[in-house]
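Novice: Structure incoming, see below.
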Amino acid sequence: MDFESIDFLIVGCGFLGSVLAERLANDLNQRVLIIDKRNHIGGNCYSEIEPITGIEYHKYGTHIFHTSNQKVWQYINKFTDFNSYFHQVLTTYHDKVYQMPINLETINSFYGINLKPYEVDGFLAKEISKEINIDKNNFEGKAISLIGRQLYEAFIKGYTLKQWQKEPSELPASLLSRLPFRKNYNESYYFSRWQGIPLNGYKNIFEKLLKSPKIQVKLNLDYFDIRHLIHQNTKIVYSGALDKFFDYKFGPLEWRSLKFDLEIKNVMDFQGTSVMNYAAHDIPFTRIHEPKHLHPEREFNEKNTLIVKEYPLIDSKMEPFYPVNDEKNQKIVLQYKELAILDPDLYIAGRLGDYKYLDMHETIDSALNIYENIKNKYYEK
Ligand code: UDP
């Protein structure tokens, strides 16, 4: 491969890398080589068709596109249309199904009562007052201070223990901001202005992003096998794990991974919804995905359906999925970021590069901002 003839090497074909490749090639006419050690583009957003059922599924867990950022929404709509899917999650606890995020329906059903919206605060205040010394600075304390211990122990504690394999009191309170809590019957998981699933799947978006003849895509290629061949004038965008880039110089960061088990069920509809969480700690998976429900506009056969069980995993050999954003890891991140800043031709970003729990729209926003920086720095003097 001729590494001399490229302006940018981009490591990772997820949204961070692919959006930057698209902008650099199409707007600035740059020659881009984008590589991925996996055998497909799209990073963790990749979708493919399961051949027996014909159902498209998201290989690394259900991805709902949602945003309130107009710039991001306009940008992504140049590459895809979205269906009208509206994300709602349910959770099973002790064989009963409840609405998640916790809302008025969840509270009434869990306690067997019939509160009105204006009675919720008073009811929860009594629950919360049973607690002494709540530390709102950690995930557990913050959750109890909002919903009381009983709801927390039913719907949050077991799931969080499974997902993070850490005591919730050791997790940052900021994690809770991902989980909405409603005192009315609103069942929407997101507050976002726009949401949906790409009409032709995620893979199709990435094919379009990377279509330019200025962009070379190389799969099954690990950056760490070729880094010594990269010319020193080549600018690098790296969206892999931050600690690995620097050979773990300041120690490894903690990551969480996931494992997915696919099963075909010979019924038309297995669970009636796209994502069913399992709150109890003794059920080993955190959720079951049924991707058929993501595309209400498509016709599927009536004989079977695909389900995907999601298991949390800690294993140093597995792909990192989630950063563990606690203080200890943040201190290490700062050291790596201080080092990264010293190289003006290096851009490290994305969920793994930034070590931040970014959603797709936030990653696209970050890529567009990095692009503007690059453009101002090198090309608009
Ligand atoms: N969470 C929970 N119960 C649930 C769903 C989520 O306790 O039924 C907590 C859990 O700690 C999880 C966090 O909220 O890690 C964020 O959930 P989200 O659904 O945003 O996770 P993601 O879809 O990004 O895996």
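Novice: I want to verify a result. In a Gaussian network model of the chain, Cα cutoff 10 Å, which of these has the top mean-square fluctuation: Tyr371, Tyr248, Tyr311?
Specialist: Tyr248
Novice: Starting at 0 and stepping by 10 Å, how many percent of the alpha carbon pairs of segment 218-264 end up in each bin?
Specialist: Distribution as computed: 17, 39, 28, 12, 3, 0 percent.
Novice: Straight-line reach from Lys96: which lysines fall under 24 Å, measuring Cα to Cα and dropping same-chain residues less than 8 apart?
Specialist: Here the lysines satisfying the reach criterion relative to Lys96 are Lys116, Lys157, Lys162, Lys183, Lys265, Lys292, Lys309.
Novice: What residue among Ile102, Ile49, Ile64 shows peak mean-square fluctuation when the chain is described by a Gaussian network model with Cα springs under 10 Å?
Specialist: Of Ile102, Ile49, Ile64, the Gaussian network model singles out Ile49 as fluctuating most.
Novice: Related question: Restricting to the chain, what percent of DSSP beta bridges are antiparallel, rounded to 5? Spell out each step's value before the answer.
Specialist: Values: 31 of 50 bridges.
Roughly 60 percent of the beta bridges in the chain run antiparallel, per DSSP.
Novice: Now for a different question. Would you mind checking the radius of gyration and Dmax of segment 58-168 based on alpha-carbon positions, in Å?
Specialist: Just the Cα atoms of segment 58-168 yield Rg and Dmax of 17.9, 53 Å.
Novice: I would also like to ask the following. Among the complete DSSP H segments of the chain, which ones combine at least 20 Å of alpha-carbon extent along their axis with a mean Kyte-Doolittle hydropathy of 1.0 or more? Walk me through the numbers before you get to the answer.
Specialist: Values: long enough: 327-341 (21 Å, -0.53); 360-374 (21 Å, -0.17).
Qualifying helices: none.
Novice: Charges only on Cβ, +1 for Lys and Arg, -1 for Asp and Glu: so what's the dipole of segment 168-225 about the Cα centre, in debye to the nearest 20?
Specialist: Charge dipole of segment 168-225: 380 debye, to the nearest 20.
Novice: Shifting gears a bit: Say each of Ser169 and Gln74 gets a label point 7 Å from the Cα, pointing the same way as Cα to Cβ; how far apart are those two points in nm?
Specialist: Each label point is offset 7 Å from its Cα along the Cβ direction, giving 5.0 nm.
Novice: Okay, next question. Could you work out the relative contact order of the chain? I mean the mean sequence separation of Cα pairs under 8 Å and 6+ apart, divided by the number of residues, in percent. Walk me through the numbers before you get to the answer.
Specialist: Numbers: 697 pairs, mean separation 99.3, N = 381.
Computed value for the chain: 26 percent relative contact order.
Novice: Taking every pair of Cα atoms in the chain, average 1/r, invert it to obtain the Kirkwood radius, and report Rg/Rh to two decimals. Mind dumping the intermediate values first?
Specialist: Working: Rg = 22.2 Å, Rh = 22.5 Å.
Reported Rg/Rh (Cα atoms, Kirkwood Rh): 0.99.
Novice: Which whole-number percent gives the relative contact order of segment 264-330, counting Cα pairs below 8 Å spaced six or more residues apart? Write out the running numbers ahead of the final one.
Specialist: On the way: 79 pairs, mean separation 23.5, N = 67.
After rounding, I find 35 percent.
Novice: Still on this structure, please answer the following. Rounded to the nearest 500, what is the 222 nm mean residue ellipticity of the chain from helices alone, with -39500 (n - 2.57) per DSSP H run of 4+ residues and division by all residues? Display every interim value, and only then the final one.
Specialist: Working: 12 runs with 107 residues, N = 381.
Value at 222 nm, helices only: -8000 deg cm²/dmol.
Novice: Please find, in a Gaussian network model of the chain (springs between Cα atoms separated by less than 10 Å), the residue of Asn266, Asn304, Asn138 whose mean-square fluctuation is greatest.
Specialist: Asn266
Novice: Quick one: compute the contact order of segment 81-127, relative version, from alpha carbon pairs under 8 angstrom and 6+ residues apart, as a percent.
Specialist: Details: 27 pairs, mean separation 9.0, N = 47.
Rounded, it is 19 percent for segment 81-127.
Novice: How would you order 226-236, 84-94, 144-154 from highest to lowest mean count of nearby Cβ atoms within 10 Å? Working shown, then result.
Specialist: Working: 226-236: 12.7, 84-94: 16.7, 144-154: 19.2.
Output ranking for 226-236, 84-94, 144-154: 144-154, 84-94, 226-236.
A short reminder: the numbers here are calculations on the coordinates, not readings from a lab. Quantities reported herein were computed from a predicted structural model and do not represent experimental measurements. For neighbour counting, all protein chains shown are included, and Cβ atoms are generated from backbone atoms with ideal geometry for every residue, glycine included.
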